[in-house]
Each structure stands twice: as structure tokens, then as C-alpha cells.
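The values are calculated or read from the model by the stated rules, or taken from the named source; none is laboratory data. Remember, it's a predicted structure, so these values are computed and weren't measured experimentally. Note that each Cβ is placed from the backbone with ideal geometry, even for glycine, and that neighbours are counted across all protein chains shown. With ligands, DNA and RNA removed, areas are computed over all heavy atoms of the protein, side chains included. Shrake-Rupley method; radii C 1.70, N 1.55, O 1.52, S 1.80 Å.
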Amino acid sequence: MKFVMTTMALVVSLALAGCDAANGATAAWPLPQATPAPAPVAPPRDVAYPGTLRLDVDASDAMRGIHRIHEVISVRGMKQLTLLFPQWIPGDPVPPNVLDQVAGLAFNVDGKRRPWRRDPVEQAAFHVDLPPGAQEVDVDFEFLFPASAAIGPVLSTPTMVDLQWQSHVLYPAGYYSRGIQVAPTVTLPHDWQFASSLDGATRVGDVVRFSPVSLDALVDSPVMAARWMRQYALSDDPVPVRLDVAADTESGLLVPPEALDKYRREVAQAYKLFGGQHYDHYDMLVWLANDFGPAYFEQSRSGENGFPTAFFSDQARYGRSLGAPFHGFVHAWNGIFRVPATMWTANLNVAPQDSLLWVFEGLTMYWNGVLDARSGVASREDALRSWESTASAYANRPGLEWRTLQDASEEVLIQHGNNIIYPEERLQPWPDWQLNTLDAYLQGQLIWLDIDTLIRERSKGRKSLDDFARGFFGIRNGSRVPVPYTFEDLVAALNFVTPYDWATFLRARVDSVGINTDLDGITRAGYRLTWSGQPSGFQQASETKSGGSNLSFSIGVNLKKDGEVTSVVWGSAAWRAGLVVGAKVLSVDGRLYQASVIKSAISDSRGDRPIQLRVARGQTEYALSLTWDGGLRYPHLERVPGTPDLLDDILRPRP
């Protein structure tokens, strides 16, 4: 009986469905309607928030990386409180992406729990309805650090912590960051030391209290905490500049005297370049550990740097990276004090625009390299090798056929991350065709070399980009108040140094498609890129160290020691043959893959006799035919005889 009833019900439902289908063409069925948008979160206003936020961070559980945060926020006269978790860092184009590491959120008024709700549109906003007469709200939550790099940046270990305030505070919506005062306190692991650019630190036991400070200044001042730390003075004139080092062991704190001397010279050269400073003291924070980080952010009075344990002690391995902490130091002028107007935002939840990233990062890359050479942190040979590497790597960027450098600057926002710092960024399958944020860094660096050499040429050596640096970044000496600038401001400052149609010059390089990478500065500096079948000593040493093969300048592919493809140049012979990243070359012309085998095949190749490859992708094997007749090609930066060596003057230390 049950079977019969079920069968009848099915027949009836099918019949009704048939009727619906028959009538569907004429019936006026209601169409779906969008749900009304919720009220937006209050935009920031340039007024002071009433009262000072009390912020207590318990960082004592470094072993597990669990930080417990307690806030007390004045809410007198309010009916509802909306708090924001920071999503952006002042002067940084990369979103922190750590909202998912917040847990245990609770709100209490007079000891009674209050329910909260997340904003349906702004996921970093939290709303709490307040009872009548509420004076203060107690806020509690945990920030959970990843313990493995497979999850995210490891910024808390049993021996060291990088406490970044932007991940340890909720703040009221509706106000500029500078209008919110915060009184911060940190509880450290027992007997740990600390360093920070925050002022007024007083310590009782393991509890450190800092002077009240505005929210934007707080986020600009991370805290280094470690079991072992050491501070080195780099300069006291005109204000203190310090190198703060944390290491996994006490013996790992030693920085060789020759490295310190080079750092002190670079600080001095920076002052000669910019002609002033915009901090009352500066802390160069360096964490030395193989299982820490990556940590890299820049601030107005400090810079975060996470490096391998042997960064200072093994100069044979890391010597060419010795100047890396000065990238953040240069940002104290370019990017923090003088900041593109579209990157300066009212609070920590307004997204910046990165349209001038080729200045923010490209010019910082340029000055970092120049100051490294002027101070001896990098040798002249290393500086030339760096220019050779940048010019050759970016000489062929087919993506410029369809995309402007200005638009490529937005890639960090498009991908919502940076895989150097944040693992969740999607890597690009064809970066030279798609272009990415690194183009703003490195193509930007080449543009600024072009500008420097053009100023020198047009002024007959009387002016240089040094004059622009002093006039643009050295203003308001001692001031820490940011000075935003526009493209027009940039053009006016360049014209003040050397009159020229700089607007057209720059628009042609950053706002145009169908162009080539700007190598005019290399040429004007008295150098040229040449190509030969033999790698330089440095190129050979690099391949020997990695075990891979850089064939990007010949057939257009980079390979690991075992034949795995790590990059393919768009439009190259390897690209036309069908090679892709992740494929593995098994054999070359019937011989098992080795670097020497494929290089020999490239050297002997002719257009009428393609190279035969056997390739695997996962469990699938297939054959590819690669046509190439150009032999092996390696780039070399050479002097052009009879031309002025402008690079020599650019890299020469200033007296």
C-alpha cells in the first residue's frame, strides 16, 4: 500500500510540474529582487574620538603564538558601537589579510556580555548595541599566530616575536586614525627584552607601558620582543639611528664590525642625499632566525626585517643582500613622509590606490641600490651586476603590448596579496605577459635611472637626481607629518631641477601600451646589454648553487636540476613548443635530461632540426618539438668606449 501511494504521489507531482511547464510561457511569475543594502559603516571624520582607548596585549604565550588582547573603550552617550579591525597599513600597498586569525571575540558592559554582529558587507566591522547609560565597553579577543610557514608568516616563536599593532587592536569607526588616542601596554614572556620606536616606555616586571599615542602612530611602531637581543648605534647626529637585532641564540647577536661600519656610512650617505630626516629616532629591527617570518614592513621611525640566522655571519652567502634593511630606511622619506596622495588614507580600513607605485617602490629601489654602492655596503661590481640583472630580466616584457606600467602597479590589489609575504596570493602562470607588482619596482628603477642620466645630460653635469631628492624629500626637516603628492607635484619638482617636458616623458613610460622597457638610462649612462654563448662568472656560480639552468634568454625557459620547468617566457621557443610551468623535461633528443644535455642540444640546434623533448605533466607523458637556432644566450652589461661613465658618478660616495 505504501508503494502504491508513493507512486501515485509521484505521478501527481509530475503532472503538476507538466502543467507549470505548459503555463510557464504565459504566467507572470514574480522575478527575484535584490535584498536592500545595509546601512554603510560610518566614514571617517577628522575629529577627535572622545576618550583614550586602553589597549593591553598579553604576548607572554610566545610558545604557542597566542596573544590575548583586552581593550577598554569609552562609549559615553552612545547607543551603538562599531569597531574596525585594521585592513591596511599606512604607506603600504599590501593588505595584511589576517582577519581570519582573530578569535574569541567578546564584548562586555558592566561585566555583562553583549551580543555582537559582523557587518554583512564590511567583514572587518563589528557592531554592538549598547544598554542605556553605558560608559565603557570591555573588548577581549585573541590573535593567533601561525606556527608553520605553510599556514602563514611565523611571527611568534619560543625565542622571538614581531608584535604588529594593526593585528592587535579594534578601533571605533567614523574617525581619522590620527584622532584616536591609545594607551598601549604589553606583557612580555618572562625576562624577554624589547625594542620599539614607541616613546615613554616604563617596565615593571614583564609589563611594559608606553605613552599614549595616536592610532596611526601606534600602528607605525611595531614591537620587537626576544629572549636575546642586542642594540647597535649607527648614528647620533642629528638623531639616534639604531640597529636592533634579535636572534635564536645569544651568540647569534654578533654583527661583524665591518658590517656595522658599512651601515653607519649608508646612514651618513642617506643624509647627504636627502638633506634632512623625518623622525626623531629610528630603529632598524632585524630578526635573525631560519624559522621566523617573512617579516618586512616599513614605518616612519622603524623598519621590520626578518633574515636567516647567518645573514650577518655568512657574507659569502648573504653579502649581496646586506643592504636589504635600507629599503625600509629609504621609505622613511619616500613612501612614508612623502606619500602618493591616493595612498594616504584617513583610517586603516580605507583601501589605498597604488597608481604611483613606480615612484613609491621604483624610486626606493633606485636609491637603495645607489646608497648601498656609495657606502660600500655593495661593491661597484655588485652594483653593476645588479643593473645587468634588472635590465636583462626586464628587457623583454611582452605584457607592455597590452598593459600599462601604471595599471600593473594595481596588481597587488587585484591579487589581494603578495606571495613574498602572504602565501594566499595566486601566482601568475605567465608573469611577463600579465605583468605584476614587481614591474613597478624594477621597471620603475630603470625609469629613474633614465631620469637621473637625462638630468645630468641636459644640465651638463651641474644637476642630478640628488637635487630632486633634496628638494622633494628633504623639505620640512624634522617633521613627521606626512606630505602627500600628486603626479603634477612630481612633474613640477623635476622641472624645478631641470626644465623639460617631464609629463610627456613619464606618461609615455607609465601610461602607454605598445612600448618597450625603458633602457635609455643604461645607454645614456655609458653602458649596453650584449649577449654571448658564455655565462659570466656570477651567472655560472648562480646556476651551480641552485643546480638549475637559466635558459630564459635563449629558448625561454628556467629549469630545476631535475628538469622541472619553473618559468616560461611568453612568445619564446619554449612557449611555442608548448612547455608550461610545472611540466618536467624527461629527455632531450632521446637522452635523459641533464643540464649539460639540454645546453648541448641548444648549442647545436638549427632551425631545420628541432630539439625533441619528452615531457611529463603528472601521470601524462608526451613529446614536444622545439625549434631554435640562436644557440645559448647570456646577458652582459658592458661599457661603451668613448662615452661618459655616468653610472660611475651616480655610484660614487658623496663627501
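Using a/c under 1.5 as the rounded threshold, could you call region 208-360 rounded, prolate or oblate? The axes a ≥ b ≥ c are square roots of the C-alpha gyration tensor eigenvalues, and prolate needs a/b larger than b/c, oblate otherwise.
prolate
Picking from GLY537, PRO482, PHE297, whose Cα lies most toward the positive end of the charge dipole for the chain (charges on Cβ: Lys, Arg +1; Asp, Glu -1)?
My answer, from the dipole projection, is GLY537.
Treating the beta-carbon of each Lys and Arg as +1 and of each Asp and Glu as -1, no other charges, what is the dipole magnitude of the chain about its Cα centre, to the nearest 20 debye?
640
Given Cα pairs under 8 Å that are at least 6 residues apart, what percent is the relative contact order of region 102-209?
Once normalised by length, the contact order is 17 percent.
Quick one: check the C-alpha center-to-center distance for region 461-500 versus region 337-409, whole angstrom.
So the separation of the two Cα centres works out to 17 Å.
If you take the square roots of the eigenvalues of the alpha-carbon gyration tensor of region 169-242 and sort them as a ≥ b ≥ c, do you get rounded (a/c under 1.5), prolate (a/b over b/c) or oblate?
It is oblate, given that a/c is not under 1.5 and a/b is not larger than b/c.
Normalised by the empirical 2.2 N^0.38 Å for globular proteins, what value does the Cα Rg of region 228-283 take?
Computed over Cα atoms of region 228-283, the ratio equals 1.23.
Which of TRP29, VAL41, PHE107 sits farthest toward the positive end of the charge dipole of the chain, with +1 on the Cβ of Lys and Arg and -1 on the Cβ of Asp and Glu?
So the residue we want is TRP29.
Run the reach check for LYS561 against lysines, Cα to Cα strictly under 18 Å, same-chain hits fewer than 8 apart removed. What comes back?
LYS545, LYS584, LYS599
Okay, helix-only estimate at 222 nm for the chain: each DSSP H run of n ≥ 4 adds -39500 (n - 2.57), divide by all residues, round to 500 deg cm²/dmol; what do you get?
-8000 deg cm²/dmol
Per residue of region 207-213, in order, report the coupling 6.51 cos²θ - 1.76 cosθ + 1.60 (Karplus, θ = phi - 60°) as ³J(HN,Hα) in whole Hz, putting x for Gly and Pro.
Coupling constants for region 207-213: 9, 10, 10, 10, 5, x, 8 Hz.
Just to check I understand the Karplus step: with θ = phi - 60° and J = 6.51 cos²θ - 1.76 cosθ + 1.60, what whole-Hz values come out for region 468-482, glycine and proline as x?
4, 4, 5, x, 9, 9, x, 5, 6, 3, x, 6, 9, 7, x
Over region 216-308, what is the percentage of antiparallel beta bridges among all DSSP beta bridges, to the nearest 5?
45
Expressed as a rounded percentage, what relative contact order does the chain have, with Cα pairs under 8 Å and six or more residues apart?
The normalised contact order for the chain reaches 11 percent.
About the Cα centre of region 508-655, what is the dipole size in debye to 20, counting +1 per Lys and Arg Cβ and -1 per Asp and Glu Cβ, all else neutral?
That gives region 508-655 a dipole magnitude of about 280 debye.
Report in % the part of the accessible area of region 302-382 that belongs to carbon and sulfur, leaving out ligands and nucleic acids; probe 1.4 Å.
With neighbouring chains kept in place, the figure for region 302-382 is 52 percent.
In sequence order, what are the phi-derived ³J(HN,Hα) couplings for region 445-462 according to the Karplus relation 6.51 cos²θ - 1.76 cosθ + 1.60 with θ = phi - 60°, rounded to whole Hz, with x for glycine and proline?
4, 5, 4, 6, 5, 4, 5, 4, 5, 5, 4, 4, 5, 6, 8, 6, x, 7
At q = 0.13, 0.14, 0.16, 0.31 Å⁻¹, what log₁₀ I(q)/I(0) does region 27-72 have when each alpha carbon counts as one equal point scatterer in the Debye sum?
Normalising to I(0) and taking log10 leaves -0.68, -0.71, -0.77, -1.11.
Cα centroids of region 629-655 and region 71-86: how far apart, whole angstrom?
59
Would you mind pulling out the separation of the Cα centroids of region 224-297 and region 114-139, in Å?
With region 224-297 and region 114-139 each reduced to a Cα centre, they are spaced 41 Å.
Which whole-number percentage describes the relative contact order of region 501-600, with Cα contacts under 8 Å and a sequence gap of 6 or more?
Across region 501-600, relative contact order equals 15 percent.
Consider just the alpha-carbon atoms of region 280-416 and return their Rg together with their Dmax, both in angstrom.
16.6, 46
Charges at C-beta only: +1 for Lys and Arg, -1 for Asp and Glu. How large is the resulting dipole of region 152-253 about its Cα centre, in Debye rounded to 20?
With only Lys, Arg, Asp and Glu charged at Cβ, the dipole is about 220 debye.
Which of the peptides 248-256, 400-408 is most tightly packed, and how do the rest follow, judged by the mean count of other Cβ atoms within 10 Å per residue?
So the peptides 248-256, 400-408, ranked by packing, come out 400-408, 248-256.
Straight-line reach from LYS560: which aspartates and glutamates have a Cα under 20 Å away, not including same-chain ones fewer than 8 places off?
Cα-Cα hits under 20 Å: ASP432, GLU543, ASP589, GLU621.
Taking N as the number of residues in region 472-550, what is its alpha-carbon radius of gyration divided by 2.2 N^0.38 Å?
That works out to 1.75 for region 472-550.
Would you pull out the residues with amide H under 5 Å of GLU564's amide H, same chain only if 5 or more places away, H placed 1.01 Å from N?
VAL585
Can you bin every Cα-Cα distance in the chain into 20 Å intervals starting at zero and give me the percent of pairs per bin, rounded to whole numbers?
Result returned by the calculation: 16, 44, 29, 9, 2, 0.
Tell me the per residue accessible area of the chain using a 1.4 Å probe; a whole number in Å² is fine.
The answer is 44 Å² per residue.
Rounded, prolate or oblate: which fits region 520-655 when a ≥ b ≥ c are the square roots of the eigenvalues of the alpha-carbon gyration tensor, with rounded for a/c under 1.5 and prolate only if a/b beats b/c?
Prolate shape, in that a/c is at least 1.5 and a/b is the bigger ratio.
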